[in-house]
Structures are given as C-alpha cells and as structure tokens.
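Trainee: Structure below; questions to follow.
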Amino acid sequence: KKWVYLFHEGRADMRMLLGGKGANLAEMTNIGLPVPPGFTITTEVCREYQKTKQLDPEVIEQVNAALTALEQQTGKKFGDPRNPLLVSVRSGAPISMPGMMDTVLNLGLNDETVVAMAELTGNERFAWDSYRRFIQMFSNVVLGIELHNFEAILEAHKKRNGFTQDIELQAEHFKAIVPEYKAVVEKHTGKPFPMDPREQLMAAIRAVFESWDNPRAQVYRKINKISDDLGTAVNVQAMAFGNMGDDSATGVCFTRNPNSGAKEFYGEYLPNAQGEDVVAGIRTPYPIAHLKETMPEVYQQLFDLCELLESHYKDMQDIEFTVERGKLYMLQCRAGKRTPIASIKIAVDLVKEGKISKEQAVLRVDPEQINNILHPAIDPKAKLDILAKGLAASPGAATGMCVFDPDRAAKLAGEGHKVILVRPETSPDDIHGMVVAQGILTSRGGMTSHAAIVSRGMGKPCVVGCEAIKVDLEAREFRVNGRVVKEGEVISIDGATGNVIYGEVPVVDPELSPEFRTLLSWADEIRTMGVRANADTPIDAAKAREFGAEGIGLCRTEHMFGQGGHHPERMAVAREMILAETTEERMVALEKLQEMQRQDFYEIFKAMNPFPVTIRLLDPPLHEFLPDAEDLAIEVAIMRERGETGSELQEKEALLKKVRALAEMNPMLGFRGCRLGMIYPEIYEMQVRAIFEAAAQCNKEGMVVEPEIMHPLVSIVTEFSFLREMTDRIAREVMEKHGVTFKYMVGTMIEVPRAAVTADEIAEHAQFFSFGTNDLTQTTFGFSRDDAEGKFLAQYVEQKVLPENPFVTIDRKGVGKMVEIACELGRKVRPDIKLGVCGEHGGDPSSIEFFQSCGLTYVSCSPYRVPVARLAAAQAAA
Ligand code: PEP
Ligand code: MG
C-alpha cells in the first residue's frame, strides 16, 4: 500500500488522502512553481496511528525511501556534516484547521550540521539561531517541554548583555544558549537531545499525528463540524530559509483583498525572518507593496505566480512564500479565508472575468455567512468585555441599557433611550417591550422560542437561552459569573455569535452591494423551489418583497387579535370574545374583530399582489390573550385587602376565574390550533369571512387575489373535512353577497405525526400542505420547543447524542421522515398537491437541501432570511 507520496506524485483533488496542504503542494509542484521538494504521509497513516499509536514498519520504510529521493532532488543529505538536508514537518488536514496542530521546522540540525550550515551560508548567527529555535520547537512539540523553560534562558542572556530584542543576540550568544537548552531537555526527559536526524524525523512525524487529537484541535473540529475521523497528513519538506540575511524574507499574500474582495495584491512580509515570526507578531511586517522597492524582481515573480495560481484554482488564494538569498520559494497555497462581503464580491467578479460559471459562483458563497451581513454587525476589530454566551437566535448587533420589564422598556424607549430587553423568557405579553427594544436577551428558551421567532420576524438581534445569566426581575438586575448588572447599565448583544457584552460596542452597518443583488439574481435563475416569507403585517410583507420573497407562506393571525403589541385596543376586544358567557355576546366581539381583520388582510393582499398569501387561522391557546393568573390573583388579593367591593373587583374576579378555567398543564399540547375552530366555530368563521371579504374587495379593485386558507394543528381528517366545508360555505356566501368570483385554496399545516401518517386521508380534502416543522419537531420528538434547548438539548448536541439542534436543522431521520411520508401519501391521492414548509427550518440551508430532495414547492421563512433561502435553494438545486 502506498502510504507516502512525493509531491510530484499527488494532485489537487487528492485532499482527503494528502490533506489540503499536501494536495496543493503537489499541484503547485506539478504546474512548475518553485516549491521546495518534499513528500506527504497520508491521512490514512494518521487513522492507523490513532488506533495503534505506532508507525507501521512499512510506513517507516516508505518514509526512508522518500527521504532518499528528497536527498537526490536537493543534492543534500540528512546529517551530512558538509551539505546537510534540513526539513520542516507540518500537519495538513483535508479541511484547513489553521494553527490547531503542530509543526517542527529546521529538523536535521545537530551539533555537526549546525557547523556545516554556518560554513555553507557564511552566516554563523543564522545557523546557531536556527539550531536553538529547532531545539526549542522540537522539545516543545515532540517532547512536551513547556516553552517558558527556554524563554527564561533566552531572556537571561538578553538581560545579561543589556539587550531588549532577540535581533541583538549574536552567534556567540546562541552558541552559549544551545548547551543550556540541551540541559533543559536532559533534565526533563532523562535523555540527551536526539542528534540523529532520522530519529528526530520519526519522532516529529508521530508528534504531528498525535496533535490531531490535542484538545484545541478537538474543540476546533467540534465548533466547525469537522469529523474526528478525517485525520491529518504530514508534510515533510526541504527547508527554505527566510532568515539568511537581508536578501531573504518570508511572508503571506492574498490574490485579492480578503476583507473587501477587491482585486488587489494584498499581504505582508518580514525581511530576514522565519515564518513563525510573521505569525507571532513580535516584529511588525511590511505591506507587500514594500517588497517591490526592496526586491523588485522577486516581487514581480511572486506577483506573476500568484496570478497564475489564482487562474489555475479559479479562486482567491492565500499563499505563503519565502525568499532565500534572493530566490523565491512557494511554501503553501490554499483558497483564502474571506469575509462574507469579500466572498460575494470575489464570486461575482470571477464570473465577470470569465473564470467560473454563475452556478459555481452561487455554490461558492456560504448562505449562513450572508445571513450576518444583512444586519449591523459588531466591528470585528473591537475589544469586547464578554459577559456570557447564549444561543445566537437572530443576527445583528445591538447596544442599549438593560431593562427587565416590557412596560419600563416602552417607557424608557419613549423617552428616547435605547434599551435591551432582558427577560428569563418572553411571552406575547412582552411584545410591546420587544418592539421598542434594540435587541432581546433571554436566559431560557431555544431557537424556536417566542423570543427567537418574534425577533427574527422583526429582524432584531436576539440572544436566547443564555443560562449563565441569572435574571432577578424584582431587583431589576442580572448576575453573571459573580458580576451584577443593574437596570440602566449598558450592555450589547451579538445575535450572530450569541455573545453578551458589557458596555457599548462599535457597530458596522450592513451593505447590500450590487454584487450581492447580482449573485441573488443568479440564484433565482438556478433554483426550482419557491421562496416565500413568514409575514403577519403589511410592513413585513413589503420588507419580504424587498428581499425577494415570492409570496407569504405563513401569515400568523394571532397578532390580529392584539398579540404583537401594535393594537392594544384589539387585545381588549379579543378578551371580550374570550370572556363572553353566551354565543350572542361572543358574536358582538367577533363582529368588531372581523372588521379589523378584513382591513389587515386587504392591506396584506395589496402589499403582496400578485403573489400568493397563505393565512393561518388562530393557533395559540386562548390564555395567551389573557393576563397572567398570578399577577391577577395578587391584584385581586390587594383589592380585597383594601376592602374594595365595587364592580372593578368583581370584573377582576370574573377574569381570574376565566383565566384559571382556561389554564392547562400542557398548553402547547392543549386547546389550541384547529381545536379552537372546532369548539368555537364562530371564531374561525369570522376569520374566514374577513379573508374572503378582503379578497372580494381586492377583486373588485382589479387585483388578482387567491387566498390560501390554512388550518393549523390538524391531526384527524374529520377536523379538516369539517373546517373545509365551513370554509367553502363562507366563500360561497361572500361571493354571492358581492356578486364576484375569486379562486382560493384550503389546506392544512402538517405539524403532528398523526397528520403526517394519515396524510392520504387528509389530502382527499386538503389542497395544500404546509409543514409546520417547529411543532412537528416538538411533537415527533416529544421535546418542548420552549424548554428543551436550555434544559438538555444543548448537552445532547455537545455529547453528540444528536448531531444538531433539531429545532434549527431538520432531523432528517425522524422529523424528515414524517415530511417524506406525508409528501408521498399526499401526492398519491392528489398528484398536484402544493407542498410547502413554514417552520423555522424553511430558512436553514441544510434543511432547505433536504426539502429540495422531498420535492417541496416552496420554503417560507422570516423576511430577513429570504436572501439566505434564495441562495440555499439554488445550491440545493445546482
Ligand atoms: C410550526 O409549528 O412550525 C409553525 C410554523 O407554526 P408556529 O411556529 O406558529 O407554531
Ligand atoms: Mg405550529
């Protein structure tokens, strides 16, 4: 078996086997770039090594053979006291993990070869400096000796000579330092520092393989969702020295600006230095343009080679180079990391330059990344005092004084203050505080909690489930890690990272560049699924259109009953409706609500015309429209205490009775959704009438409006057939009344397993399905969407019980299976059935990929995620 590849034996597409660095070194070698020769030990060896903790004899044999080839290529020999070969030993995983694993440079130096290097280069200082660096690095990486042991010696020598900088140390000083370094090694390991280069090499190779599993690499993989099974390759490469004098240098450059994406040669370098000096930031590097003045020929060659590399890879490259006595070497190249803005600009520019296709451009940009640029973001250069980290529920940065109660938030905001609403969790009662807040922070709740959904809908920054924060509503303060933050103190939240920060932060504004619009227009050409928005108001509808939504996939009507804080007067009418003792009384309230809702629907239809609008009838449990039982009980008790007996007390008592009567142990599994419409048909009838009246009005005005009426939480076909009949009856009545005809559709949400597995029965009556994957996830797992994330789900993901938070990314095996079953059963009965999704997953790229595979007609998500969904849908179709 082939375990070791000389550079010229590999190719760019072998990155799984050779790692990213190895594959690119091979590719660069083969296109004739000046790459110091070397070889790559494959990731397969790493996987074996993880099992056995040993290098197979066959691997050792192949390494030795490759070393011989390397000696021939360079004309140098390992350990040769006249012309020694020195190598670097570097990690290189299939997916880049910058700085997470180990590297050893200058390997091959010993007491003899250091003398040879001094003679060969005529530079004693360089040779002995390299040697002491090698001892230090090898001892740290391979032998596990902490760096401070060596730093202390170096510092002592500087001090003794009155120096402040390393540069001032001369050859004689390094010569004195080396034996002291070696003594440290002997003290720590009980053995002398290894002088045999082959022994050094084998030990270094093992150390790099070991470093695959060091804690920081493990954490990095977890954060970036990189599989632990990939393993790293090891690259052994002849050294090129950037520290041989003033005609030597080392640096990093990019073929385009990684921050803005502008087409300009970008980077920095250090003369007379080795790679780690640039990274360590001890000396300040020069901008790459400076090289043009000091080494014009080298600069031109580097510039040309970078252009060549970019054309070859058809992407922006990040290149490491070294100049050894005037000769340029390319040490590494890879697709450069870039900001979201740069990512878009580069992709679009490459298409314009004829280097890639529109499809490739669309695939190049990460939809998750662009989500963040649709919102103001914290200046990446800012220093932050981070208090805690919660779930990043809705992106954007916000600063304001913390306020713990929605009424005070509304009051303070009214006085012109910027506020951040901090709550244990939010409920519909808090909406007026949320509306005026810059951002929302909760200590409980997950990604589909009330706070998260509402904030996303408003495009407001939000951090939820920040359990480190202990909110004390009474004291109007929160505690976090021993600190106390009181009402009025300024905090900031970063809804893109989940960070909660003390004090104000500098913010940079989003920019919808022309390139961004271009990229999205290409995405629209490619995708096959529609993208709609979840929007409940004419304003949201307009915003959704601006972002490119092709309709409303979910209009949650609860806010038309006063939820949402915009219409306190409606809340009063809604309460009237709920508290009514008789049907007649209820009808009076309903009539008022009907007129209000008719007006809303009319506005929304108008804003969305000619796109379709799906309206969901009332869904939440009724108690959400009533005051909190505990608050009310306290009020009543106080009034009684004061000896009050008047009508106000009686009203409050009656209200309390009703609130208690409506209370449920499990409201989310209770009297909500279409169950309300079944038991109080007059509520749904009123809503349906309001919708059709609005449609009739639009039609009279010449708009083509085809409302899609959606019944929520159906689990039994009989529920749906009953509601369908009611809907059709009212449609006929309204059409007759106005002497108009209009088209409409009646469908259901699929959000409980029973609906999914009996979807064929339901499809007999339903013209469309819309998957309510928030509830479907809740009901399929039996996980409360309000509590699970804070209580155990985060740990589940941490411990890999679940690969992902299923409220964010659809659980394909279980919840996804429900979706597939329902699609199949639905289509069997009604081949042209319209299938959409309106849960939060409708805006999640990985879930969108899954919905494409189910053949859904459209996805629907919050207005601000529409661009993300457009791009993700194009990627899923490409
Ligand atoms: C759902 O359950 O996925 C849904 C869209 O409805 P809601 O979030 O309003 O319950
Ligand atoms: Mg639902």
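What follows is calculated from the coordinates using simple rules that are stated; it is not laboratory data. Here the structure is a predicted model, which means the values were calculated and not measured. Virtual Cβ from ideal backbone geometry, glycine too; neighbours counted across all protein chains shown.
Trainee: Classify region 384-508 from the C-alpha gyration tensor, please: rounded if a/c falls under 1.5, else prolate or oblate depending on whether a/b exceeds b/c. Provide the component values of the computation, followed by the final result.
Mentor: Details: a/c = 1.14, a/b = 1.03, b/c = 1.11.
Rounded.
Trainee: As a footprinting exposure proxy, order His8, His375 by other Cβ within 10 Å, with the fewest listed first.
Mentor: Numbers: His8 15, His375 20.
With the fewest neighbours first, His8, His375 line up as His8, His375.
Trainee: On to the next question. Would you give the gap between the C-alpha center of region 802-830 and the C-alpha center of region 349-410, rounded to a whole Å?
Mentor: When both Cα centres are located, 29 Å separates them.
Trainee: Something else: Once fully extended, how much extra length lies between Leu802 and Gln300, figured as 0.36 nm per residue of separation less the alpha-carbon to alpha-carbon distance? Working shown, then result.
Mentor: Values: separation 502, 0.36 × 502 = 180.72 nm, distance 5.23 nm.
Additional length available on full extension: 175.5 nm.
Trainee: Now for a separate question. Kindly work out what percent of the DSSP beta bridges joining two residues of region 384-508 are antiparallel, to the nearest 5.
Mentor: On the way: 23 of 32 bridges.
The antiparallel fraction comes to roughly 70 percent.
Trainee: Count neighbours as other Cβ atoms within 10 Å of each site's Cβ, and list the GluC sites (Glu not before Pro) in region 129-198 that are DSSP loop with at most 13 such neighbours. All intermediate terms of the calculation are to be shown ahead of the outcome.
Mentor: Working: sites: Glu146, Glu151, Glu155, Glu168, Glu172, Glu180, Glu186; in loops: Glu146.
Within region 129-198, the qualifying GluC sites (Glu not before Pro) (loop, at most 13 other Cβ atoms within 10 Å) are Glu146.
Trainee: If you count the DSSP beta bridges with both ends in the chain, what percent of them are antiparallel, to the nearest 5?
Mentor: Roughly 65 percent of the DSSP beta bridges within the chain come out antiparallel.
Trainee: Further question on the same structure: Quick check on my link table: of Lys222/Lys791; Lys222/Lys263; Lys292/Lys358; Lys389/Lys418; Lys225/Lys337; Lys592/Lys658, which ones sit more than 24 Å apart, alpha carbon to alpha carbon? Walk me through the numbers on the way to the answer.
Mentor: Working: Lys222/Lys791 21 Å; Lys222/Lys263 34 Å; Lys292/Lys358 35 Å; Lys389/Lys418 22 Å; Lys225/Lys337 17 Å; Lys592/Lys658 21 Å.
With Cα atoms farther than 24 Å apart: Lys222/Lys263; Lys292/Lys358.
Trainee: Return the FRET efficiency for the residue pair Asp80, Lys352: r is the Cβ-Cβ distance, R0 is 60 Å, and the value is rounded to the nearest 0.05. If you can, show how the numbers build up before the last one.
Mentor: Working: r = 53 Å, r/R0 = 0.88.
So the FRET efficiency works out to roughly 0.70.
Trainee: Summing +1 for each Lys or Arg and -1 for each Asp or Glu, what net charge is found among the other residues whose Cβ lies under 12 Å from the Cβ of Met458? Mind dumping the intermediate values first?
Mentor: On the way: positive: Arg456, Lys460, Lys543; negative: Asp536, Asp540.
For residues surrounding Met458, the net value is +1.
Trainee: Taking the DSSP beta bridges in region 4-238 as the whole, what percent of them are antiparallel, to the nearest 5? Spell out each step's value before the answer.
Mentor: Working: 16 of 17 bridges.
Counting DSSP beta bridges with both partners in region 4-238, the antiparallel share is about 95 percent.
Trainee: Post the alpha-carbon centroid distance, region 73-88 to region 730-771, in whole angstrom.
Mentor: 79
Trainee: What 222 nm value per residue comes from the helices of the chain, counting each DSSP H run with n ≥ 4 as -39,500 (n - 2.57) and dividing by all residues, nearest 500 deg cm²/dmol? Mind dumping the intermediate values first?
Mentor: Values: 34 runs with 405 residues, N = 878.
Per the formula, -14500 deg cm²/dmol.
Trainee: Of all GluC sites (Glu not before Pro) in region 526-619, which ones are in loop regions per DSSP and have a Cβ with at most 16 other Cβ atoms within 10 Å? It would help to have the intermediate numbers written out before the result.
Mentor: Numbers: sites: Glu546, Glu550, Glu558, Glu569, Glu576, Glu581, Glu584, Glu585, Glu591, Glu595, Glu603; in loops: Glu550, Glu581.
Sparse-neighbourhood loop GluC sites (Glu not before Pro): Glu581.
Trainee: Using alpha-carbon positions, what is the distance between the centroids of region 547-600 and region 626-644, in Å?
Mentor: 27
Trainee: Let me ask you something else. Once you sort the root eigenvalues of the Cα gyration tensor of region 172-261 as a ≥ b ≥ c, which label holds: rounded (a/c under 1.5), prolate (a/b larger than b/c) or oblate (the other case)?
Mentor: Working: a/c = 2.31, a/b = 1.24, b/c = 1.86.
Oblate.
Trainee: Counting other Cβ atoms within 10 Å, which chymotrypsin sites (Phe, Trp or Tyr not before Pro) in region 495-568 have at most 10 and lie in a DSSP loop? Could you put the intermediate results ahead of the total?
Mentor: Values: sites: Tyr502, Phe516, Trp522, Phe547, Phe561; in loops: Phe547.
Counting only loop positions with at most 10 other Cβ atoms within 10 Å, none of the chymotrypsin sites (Phe, Trp or Tyr not before Pro) in region 495-568 qualifies.
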